[in-house]
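Below: the structure, in C-alpha cells.
The values are calculated or read from the model by the stated rules, or taken from the named source; none is laboratory data. All values reported here derive from a predicted model rather than from experimental measurement. Heads up, the Cβs are rebuilt from the backbone with ideal geometry, glycines too, and the neighbour counts pull from every protein chain shown.
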Amino acid sequence: MAVEAAAAAGGAVCAIGYLIMAARPPGAWRSLAKTASVALLALAGWAAGGPLLLVLALALCALGDLMLSRGGETAFMAGTGAFAAGHLAYTALFLTRADSDPARLLQLPGAAWAAVLLLLGALMARVLAPRAGALKGAVLGYIPVILGMAAAALALPPGSGVFAAACAFMLSDMVLAAETFVLAAAHPLRRVTPYAVWALYWGAQAGFLAAFS
C-alpha cells in the first residue's frame, strides 16, 4: 500500500510539473515529467495488485508519452503506435472483466452513446483525412481504435466511472488531432490546447487506475 500511494502521489506531482511545461518546446525535463507521470501510475497499479492489462496499458501510454514528447514525424508515429497498443490493452481489459456485458451497447443508454461515438468517428475522419497528408493512413486507422476503446467501456456497469475516463482519453486525442492537423500555427486556441490535452489525458489514466486497482 505504501508503494502504491507513493507511486500515485509521485505521478500526480510529475503530472503537475508537466502541465506547467506543456506548451514549451521539447526538452529532457519535459520528457521526464511527462513519461514519469504515467509510468508511476503503472507502478502504482502493479503495487496494488491491479490487472496485468491495466499495468500494460499504462506502461504503453507512458512509452507513447516519451515518444510524443520528443517532436518529429518519426517520434510521432512511434508514439501513435504505442498509444494505439495502449487503447487495445484497455479495450481487452474492459471486455474481459467479470461484470462486462457487450449487450449493454444494444440497450439504453449504451446504445445512444454508441451512436454518438459512431457520429464522432465519421466527423473525425471527414475533418482529419484531407489535412493529415502522408499520415492519413495512420490517422484513419487510429480513429476506430480510439472509438473501440470507448465503446468497450460501455460494456461495463454504468456508474463505474470507466466510460467517463474513456471519454476523457478520447477527447484528449481529439484535441491533440485538432492541434496537430487543423489549427493554424497562430490560432488563439493553441494557447490552451496543450493544457487541455494533458488535463484530459492524465485525468483519464488516473481514473482508470482508481477504477481497477
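Worth a mention:
- Entirely in the range 118-213, the helices (runs of 4 or more DSSP H) that have 1 or more residues that are of a type in the set (A, V, I, L, M), over 13 Å from the mean Cα position of the chain (by Cα) and surrounded by 15 or more Cβ atoms within 10 Å (Cβ to Cβ): 136-153, 193-212
- Set side by side, the residues 105, 40, 117, 58 differ, and just one is within 16 Å of residue 204 (Cα to Cα) and in contact with a Leu (Cβ under 6 Å, 6 or more places away or on another chain), which is 58.
- Residues in the range 113-132 that are over 13 Å from residue 144 (Cα atoms) and either small (Gly, Ala, Ser) or in contact (Cβ under 8 Å) with a residue 24 or more places away in the chain (or both): 113, 115, 127, 128, 129, 131, 132.
- Residue 69 vs. criteria on the phi < 0 side of the Ramachandran plot, of a type outside the set (Phe, Trp, Tyr) and at pLDDT below 95: yes
- The conditions of being assigned to a helix (DSSP H, G or I), crowded, with 17+ Cβ neighbours inside 10 Å and not charged (D, E, K, R) are met by residue 46.
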